[in-house]
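Take a look at the structure set out below.
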């Protein structure tokens, strides 16, 4: 039933019927997606056809965009590290109102925020940093292909004819990493019909493009040591113009890379009243890179413990217990996503939003079956403020 | 039984201090308070000048430290502005390879402008209007930085104003409002500004209405933003101040962990990345620029303030000496009872030290209070002559207070040394024998010979060159020493002046007993007489010398203005209230103005501050840079209309022809002195994005500047800097045009401009010059006052010495009034001697000030002008005042034995 | 009193000249402990000058002065001061009390200079003040005393440190006859009690009468009548 309705919506939008109103219906299927938000930005539509390498780049017409790379890597002696690097683009003025003449070194139309973190499992140390800059000489993203930078951190596709990426990130004054990334699987577009719905609102949607598994090699510097590393990364690129509705408190997300060559992406949207938003979803990616989308009812996200952050006072529900249905076997699988160590919270000094983002082991019946990155947001104050 | 336990000198001295000195003070508190008061006055004046100097210089330093973090280095173009592209280039050049390098340099671009608050109505005085320093900073980067440092709310969230329907409210909205500005807490309180309030300013030639977005956030552990600081988003200020795509400077912050060696490496890398058209400075050297610029001015002030301290020292000496006389009998008894020389000396030195401590404490507190007033005067002058500052308060700097306190104690000890020695050498002999005659102190004849020696040294010093600092600023140390030695030497010869004075006045004393007695003492003046005369001579000569300098200045400047200011109307931006405000008039505006029907001839001046290397400074390093002004005018106009005052005139007229003068320039006298250049020398002058080689065609006089001016034809300058704006306009009007009327019209049409008539401008220039000297007048007045008080104290002690003589006179039937007349005459002649000597010395001192000190410090040639009438008046008033003081002393202060209880 | 061989005071052909003026012309004398000598003579005869030399306050042009066997001319200023402190007591015609010190403090002063403890000072001063009958004025300042009271205080001060030599310069010169007589008898008693040698300069016959010996100064020479 649901599937029919979604297709109907998709067809309707293809034929140009759009929903202007943003009011969420009382219940049932989410309303049709609007074409533009009330402040003039485009809304990602289903059935979009992406062209690469161009669509790895920025989409100026949309308000919020991020490129997000996480991963696990190992030094020559087997030392384990986790890392995260995120570049957020936030448009202040819609494209049609932007001051076209005021390009130059200081644009007022767009802001960039970068996060970077290293989890050093050897010492149990977590280093992270945030940076804020306007588009101009110190930050920017190309619309022709992947080339986003803020300060001296950057993510780019050095050769537009080859699908390989370079990630250089500075984490604070004396840490950082420099990785060459090569996709081991093709790009996945999550969501039904290419759109990932995030709630009941007609503008709450995103295009969610992911390389769920990339080969990583390079070097990492932390605690005064420079270590050559190899490992596996996960790269997300999300494009949207609005993320959370007013009745949503935050989300929990995980990107899981199983040892059997499959991946799982899951996000659970939490409502203010504590319930799970039906827009939450889980996707399996098989060895060939085909994604299977599962709705909220088919998986269960629970906490297997709590950790209170001494910095923000937030209580994060880690480790995570995740129950899902394996589409290949049809059986229910239960994993425990266990952090390498608990203190992996980004304090959000600049964005104003502390959240937990950490490297985890995936345990099934006590055995390690893979690695994951888990993101828990909205446990310390309202998340929506920064993203609304 | 009389044991060997003789107490040490300190114990005895301490005992004497407690049981005699302090009790004397307690019984005559008035004397003690007066002395303390005068010493503390000297200390207060000195300290207040030092604090005011500090405050005025402190305001120059970079404001970036207040807002973000203290930068480690500043990049600036040698001339003009830096292009925005510079940033990306720097960033790439500084990139560390991958993860290997530790840390990176943070680059903070800055645009800076000086503007003035909008004032309706008449153009006020130049240089006295308040100014705002507006900094254009990347608010987004600043916001991030503030948040990272834990400043709750950062910058942008302060803008809590809700915008209209359908618009974005919240964090980044302020970026979309090009007139949004952040102000300081003090300004917000003073003008009652809230988010949304309008703030009108004059920027360049326009009135601009800014909108207050909030108050500059600050951390309690950092210095507060100065009141006149405004902060805008960088691109907004670029647009408003006509600098699209340009930056004034880039502040660089090194990684926190960088130690000394690493910082050097970063400096090198920055230099290499920046290239030759920009300069790299550390904050210390940046502050040093402001400090250097005003060093000459501030040192002059400090010297003058030391006059107050010296005079205090002199007073202490006189007073302590008088006290020794008064307590001579007591000292004699103590000596007879077996108190040793050293114990007596120590007791008196302790007394001097206590005075110093008391005077020091009171003086420091008083100095702090006084500084609040002097700082306004000093900063007004600095503002008018050097750079924007309107510091209103001076804080008590511990180091300066310590120096002032130390000086108070040191001076007291120094001043007390001779009296203490005199006391220690008081023999007990005179107490035996009923006919013990009044014993007078051995007369030290050191004076005259040493005095002449000092005068010779002073003469030699007058020919020495000045001390040169990095950056070309000069200090006439030898000149000041010459003045000091000259005055002291003349003082030591003062006794001979007394003889002259006594000789001159003897015809007037033939028929008066008291006058005869008074004169007789002066024919053989005691050392006490000499000291009093010396003090007066000092004060009179300094006052007279300054008067000569000031009148020479006035004459020179008046003639200079008469020669050079010929236009009928002068126009500039209303925002140019400070010497470093380079607001300009846009081409549209000035072209419209000069094409008006009433304008028969016109000139426009364009100027830039540039950094020049002082290649040939005597003591500086090879690459020291000095700030000078690069001015462009129509040299042909100048030749037509203004008469240059030449120090070295050009050999031919090539420099006045646009077609021939592209490689030629004229320099001001101050420039030539500072950089040791003359006609035919060549200069490398930085311009936008490069430099030009110019040959000096002539050197001219310019009293409006002490830093140095390089003058070229404006046409070329506009080309080199690629802009058509101008800084000031001079208009010559058709005969019969009503200048005032046209002025009013122009002001109405262009409210952002200040328009001056010729008369008004001349008046303004003189007013600024007088303002510069206002502080010296005050200090001189204090000097003379204190010298007169010293005279009074001296006379009191002289009279106290002559008790038996006075008693005899009383016995012979002389009345109280008669004794007062005697004292008065003696005081009159004493003062006359000191004044005569002082006036003579002042002429020499004036010449020294004009031809040596002024020339060496500022580089100006002045014409000597002696203010005959004021000096003559002075020469009459001082002796009369001396007579008056002496009369008062003779009447009430003689302390004769008959007045004491028997 | 033990008579010793060493005289307290000895002058040996002391001469003093001021320029061409000869004020003392070969004065010699000897004074033992307990002896008293009155010096009389007209004004200008050199009495005061001699007193200055005896007290170590002035130096003879030739000849020597010995105090308890030590020659004064070999001493520097400090040594002379210490000598005065320990060995000599002085009484002036014009009293010369320290104006800011009370009566008691004036009397204690010589003991302060000798490092005597506070308690002992007080005891000794009080004893003497009692003896000279002005203990009831112990706290007064000199400006509040009568002439007689001041001189009593001066006497007490001159004797409190038990000097070997007492020099008195016209002690009654500024007092009326009644007071003067009292002072003289007090001086006589106390001197004998203390055993000090006394040199008394005076014009008064009465004053001279309290001394055992009498010397006359005339034109710089001293002649003694053996009494």
At R0 = 51 Å, how high is the FRET efficiency between residue C:78 and residue B:398 if r is their beta carbon distance? Nearest 0.05 is fine. 0.75
Everything considered on the Cα gyration tensor (a ≥ b ≥ c; rounded for a/c under 1.5, else prolate if a/b is larger than b/c, else oblate), the range C:146-227 must be described as oblate
Taking the Cα-to-Cβ direction at residue B:268 and at residue A:159 and moving 7 Å from each Cα, how far apart do the two end points lie in nm? 3.7 nm
Between 0 and 90°, nearest 10: helix C:77-87 axis offset from chain C longest Cα axis: 60 degrees
Over the C-alpha atoms of the range C:9-225, what are the Rg and the largest Cα-to-Cα span, Dmax, in Å? 17.0, 52
Would you please put A:209-220, C:175-186 in order of how densely packed they are, using the mean number of other Cβ atoms within 10 angstrom per residue and starting with the highest? A:209-220, C:175-186
What distance in nm lies between label points placed 7 Å from Cα along the C-beta direction at residue B:558 and residue B:880? 2.5 nm
So for the range B:569-736, averaging the separation of alpha carbon pairs under 8 Å that are six or more residues apart and normalising by length, what relative contact order in percent results? 35 percent
Can you tell me the length gained on complete extension of the stretch residue A:50 to residue A:323, counting 0.36 nm per residue apart and subtracting the Cα distance? 95.0 nm
Take the Cβ-Cβ distance between residue C:203 and residue B:414 as r, set R0 to 51 Å, and report the resulting FRET efficiency rounded to the nearest 0.05. 0.60
Per residue of B:231-237, how many C-beta atoms from partner chains lie within 10 Å of its own C-beta, taken as a mean? 3
Report D for the range C:36-163 in µm² per second (integer): Stokes-Einstein, Kirkwood Rh on Cα pairs, 10 °C, 1.306 mPa s. 99 µm²/s
Quick check: the angle from helix C:177-194's long axis to the longest principal axis of chain C, C-alpha only, nearest 10 degrees? 80 degrees
Any chance you could run the full-extension gain for residue B:361 through residue B:504? It's 0.36 nm times the residue separation minus the Cα-Cα distance, nm to one decimal. 47.0 nm
Calculate the spin-label point distance for residue A:343 paired with residue B:92, positioning each point 7 Å from the Cα along the beta-carbon direction, and give it in nanometres. 4.1 nm
Rounded to the nearest Å, what's the spacing between the alpha carbon centres of the range A:148-169 and the range B:797-870? Just the number, please. 86 Å
Just the number, please: percent antiparallel of the DSSP beta bridges in chain C, rounded to the nearest 5. 55 percent
Report the calculated FRET efficiency for residue B:239 and residue A:35 (r = Cβ-Cβ distance, R0 = 25 Å), to the nearest 0.05. 0.15
Hey, for a label at residue A:331 modelled as a point 7 Å past Cα toward Cβ, could you say which residues of the range A:351-377 have their backbone N under 17 Å away? A:363-370
Find how much the distance from residue C:22 to residue C:192 grows on full extension, using 0.36 nm per residue of separation minus their present alpha carbon separation; answer in nm with one decimal. 57.7 nm
Neighbour-count order for C:169, A:273, B:705, fewest beta carbons within 10 angstrom listed first: A:273, B:705, C:169
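Values in this text are rule-based calculations from the coordinates and carry no lab data. Not measured: the values here are computed from a predicted model. Glycine also receives a Cβ, built like all others from the backbone with ideal geometry; neighbour counts cover every protein chain displayed.
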